[in-house]
Each structure stands twice: as structure tokens, then as C-alpha cells.
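The values are calculated or read from the model by the stated rules, or taken from the named source; none is laboratory data. Computed from a prediction, not measured in an experiment: that's the story for all the values here. Cβ sites come from the backbone with ideal geometry, for glycine too, and all protein chains shown count toward neighbours. Keep in mind that these areas ignore ligands, DNA and RNA; they rest on the heavy atoms of the full protein, side chains included. Shrake-Rupley method; radii C 1.70, N 1.55, O 1.52, S 1.80 Å.
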Amino acid sequence: ASCVLEIVQVVNVLCAAMDMDTENEKASLRHCVCEQGLLNRCDGSARLQQGSTSVMVGVFGPAEVRMSKELSNRATVEVTYKPKVGLPVVKHRALEQLIRCTCEPCILTALHPRSLVSITIQEEHDDGSLLSCTLNAICLALMDAGMAMNYPMAAVSCALMTDGDLVFDPTAEQEKEAKATVTSIFDKSCADVVSCHAVGALTVDQLDRCLEACKPAAASIQQFY
Amino acid sequence: MTDIQEFIVNVGTVGTSDGSSLVRLGGTCVLCGIKAELASPPVNQQSQGSLVANVNLSALSSPLFRPGPPNEEAQSLSQWLHDVCNESALLDMEQLCIAPGKLCWVLYADITCLNYDGSLPQACLAALVAALKNLRLPTIEIAEDSQRITPSQERSVTLKLQCVPVAVSFALLNDEKVVCCPSGEEENVSAAVITVATCDEERLCS
């Protein structure tokens, strides 16, 4: 992977092109562009563009939390997802819960008891791999906010096509044609799977194969961080 | 690890609904009632009916839930059930079509949790499948000239399920012990909870 880093006074703009070919499958992730610190009212913010999929994330924390949601030994993590068009519906609530369950072990919540870490996600454009783009953007925003994290989480989407091929970072069209799409999230060592979300029908072997194949892709995302 | 809690399924519990079931899994108790209504099919799927599953985690089931609009967990479960039904192709929606482009059945499945003690996705999916198997619909006759719809007196139409998805929840305790069908307390102290839904032929659906 090749990295070009340009630091500008007010805004950090990181551009990296990630191309990786493994022996068996063509594992190439789309061109990634990231911008941090673009929102000046948030504690931390990031916009990540993976190909045409673009997501903006704002993080507030540690902040004051309502009595009803207060936890005495750790911080409460709250996730709000705003779709590009329309109001949030049931499937966005399910997505919020999934993101919250993935982010909670990643953030060192024990350092901030009785406070709130609020993550707000705005979908700008969905061209496939939305969940992995969102989770990577959240990681970048948390880093921008200076939140202590256990590990930087790397999320990779992989689509299993009808002919058995694996396509990494699928576009919206590829996702529609695929038999199943698996999004897996890895920790720093890229050996352990933190979380996994599968859409579509697939066998246990196919799921294992997807998880194994995603590891090198996750390593290149860690390098991008 | 393979010891599971007591699993009891009762069908036909709710007399006023078209199909119902009550599932007890350890302490968790879930009731599912299905009401069938007639509607015109959507424009893009002229010869298909639909199934709408909605999970309601009522305040009486646990002190964690407050009365009011469905909370995040209930909505998340509803979405998960919808995904499992679609991915596993549980029901061939064309069975629910009466007259293509004009009339179809819409099944509203209301799943209410009566007692919350862990393994909720497992119990909800079992309740939904059992209620669908218990469902009895009347045959519909449409008069040609007046377009009047008359349902028959007997309920003889049953639905054929193409597969029976089953969900199992596992909780990881202390990074070493894996417990099947965890109770509420076990879920609270566990490091991770994984729910896997499979169809008959070892295919994972969610």
C-alpha cells in the first residue's frame, strides 16, 4: 500500500490509494479519501469516502448524560444514524444497535464513568459497503476527538458472488447480484474478529472463507490509519 | 454447552387471531398472533402478498423497558426477523396472492414478549414459525360481475413453509465457556452474544 500524507493547518486531509493483490483472490479496496476535523463544533469529526460511498461522522464526548441513561462504572455510548433521504426507520435503528455494540468494546469507556459518548452518522452517498465505511469513519472521528480506544477497528465488506468469487468492498450493484455480503470488523492484530454481520444465505465454510480472506484487507486499513 | 433450557411451544393459544403460538424458553415467554388482512398488492410485486412482523417488548416483561414507542432492541429484532424471513425464503409470497394485481393477503404478525429472560431472537423466530404453521385462512371468492369479495365460512387454506429457520443464541462467558440459550443474567455478564439462524440444509441465514 502506498500512502501520501499532507498536513494542512486547519484541516487534515489524508489521501491513500489502497490496492492489494493476493494470490488467490483479487483483493482490491476502492480508493479511500479521509478528512478529519472538518466540523468545528464537534469534539471530533471525520468524513470518509470509499470509492463513491461517503459518510460523515461527528463525535461528542465525554459529555453530560441524562440520569436515565447514566452508567456508574463506564461511559454510555449513543449512536444516531441519519439516512440521506427521509427519516430514520426500523432498519436504521437495527444498524444503530449493531454499530453501538461494535464500538462499545473498542472505546475505553471505563475511563469516563457517568458520561456520554455520542456518535452521529450522516450518510452522504451509498454505493455499497456502507457499514464498513461507517465503522471506519467512526474510528477516524474517535481518533480526531482524542478518545482513548482499546484498538483501532478496521471494518471490511466482502461479497460472495454466485460463481463463488469473493469481491472486497463491493459497490451497490455488486451487492445486489451477490449471494451474500459479510461485513467483518477486526482489532489491531487482525487475527481476532470483533464483530461480524452477514446479509444473505451462506454456509459455515463460506463464512469462514470470507472472514479469513478479509484479514489482509483489514491489515491494509490499519496501515491507512 | 449443548444443554438447552426447557423449550415449550403451544399453538392456537389466541382464539381471535388467524394463527397464534406461545413459546416458552426457560424464563422467556413470547406470544405471537397473526392477523390476515386483504389488500391490493404493491405495484412492483403484483402477484405477491407480504408478511409484516413486529416485535413489541412490553413494559411488563422486564424493568428494563418503559411503556411508549418501541425501543431500539424491539426495532432491531423486528428488522432481524424481516431479514431472516427474506433470506431463508421461508414463505413463497405468491401463495398469499388471490388475484394478481388486485387482491392479496397481508399477514401482520405481532410478537409480544411477556417475560424477558434472554435468548429473545431464538424465541421470537420460533414463535413466528409456529404461528405461520398454525395459520388458517378462508378461501376468497370474487364475484365476476359485482367484484364482491366473499370469504368462505370454513378456514381451510394453510400455508406451505419452504423451510423452517431455527435460531440459536450463544453467550461467551469469561472468554472460555460457551453457553447455549443464555438466560437474562448470563447475557448481562457475558463478553459476547452470538445469534445464528440456519435453514434446513445447513445454510446460515443471518
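At-a-glance table
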item: Accessible area in square angstrom per residue, region B:57-206, 1.4 angstrom probe; result: 52
item: Ranked order, A:Tyr81, B:Tyr108 - accessible area, probe 1.4 Å, largest first; result: B:Tyr108, A:Tyr81
item: Fraction of accessible area attributable to carbon and sulfur, the protein assembly as shown (%, probe 1.4 Å); result: 50
item: Protein accessible surface hidden between A and B, which excludes ligands and nucleic acids, total in Å², probe 1.4 Å; result: 1200
item: Ratio of the Cα radius of gyration of the protein assembly as shown to 2.2 N^0.38 Å, where N counts its residues; result: 1.07
item: B:Thr13 accessible area, 1.4 Å probe, all protein chains in place, Å² to nearest 10; result: 70
item: Student exercise, region A:71-225 dipole from Lys, Arg, Asp, Glu Cβ charges, in Debye to nearest 20; result: 640
item: Cα-based Lys proximity count in the protein assembly as shown, under 14 Å, for pairs eight or more positions apart or on separate chains; result: 5
item: Tail weight of P(r) past 28 Å, computed on alpha-carbon pairs of chain A, percent; result: 27
item: Given charges at beta-carbon only (K, R positive; D, E negative), |dipole| of the protein assembly as shown in Debye; result: 1160
item: Partner chain coverage, peptide B:66-76 - average Cβ within 10 angstrom; result: 3
item: Selection from A:Val79, A:Val90, A:Pro113 lying farthest towards where the dipole of region A:56-135 points positive, charges on Cβ; result: A:Pro113
item: Highest average packing first - A:88-99, A:105-116, Cβ atoms within 10 Å; result: A:88-99, A:105-116
item: Dipole of the protein assembly as shown [Lys/Arg +1, Asp/Glu -1 at C-beta], most positive-end residue of A:Leu160, B:Gln122, B:Ile149; result: B:Ile149
item: Charge-dipole axis of region B:99-206 as Lys and Arg at +1 and Asp and Glu at -1 on Cβ define it, positive-most pick from B:Leu173, B:Ile194, B:Gly101; result: B:Gly101
item: Relative packing of peptides B:78-90, B:186-198 - highest average C-beta neighbours within 10 Å first; result: B:78-90, B:186-198
item: Degrees separating the helix B:120-134 axis from the principal Cα axis of chain B, which is the longest one; result: 30
item: Positions from region A:183-219 whose accessible area shrinks by 10 Å² or more when the full protein complex is built, not the chain alone, probe 1.4 Å; result: A:Ala198, A:Val199, A:Gly200, A:Ala201, A:Leu202, A:Thr203, A:Val204, A:Leu207
item: With all protein chains modelled, accessible area of A:Thr76 [1.4 Å, Å²]; result: 20
item: On Cα atoms only, tilt of B:72-87 relative to the major axis of chain B in degrees; result: 60
item: Dipole in debye (nearest 20) - region B:1-134, about Cα centre, beta carbon charges: Lys, Arg +1; Asp, Glu -1; result: 320
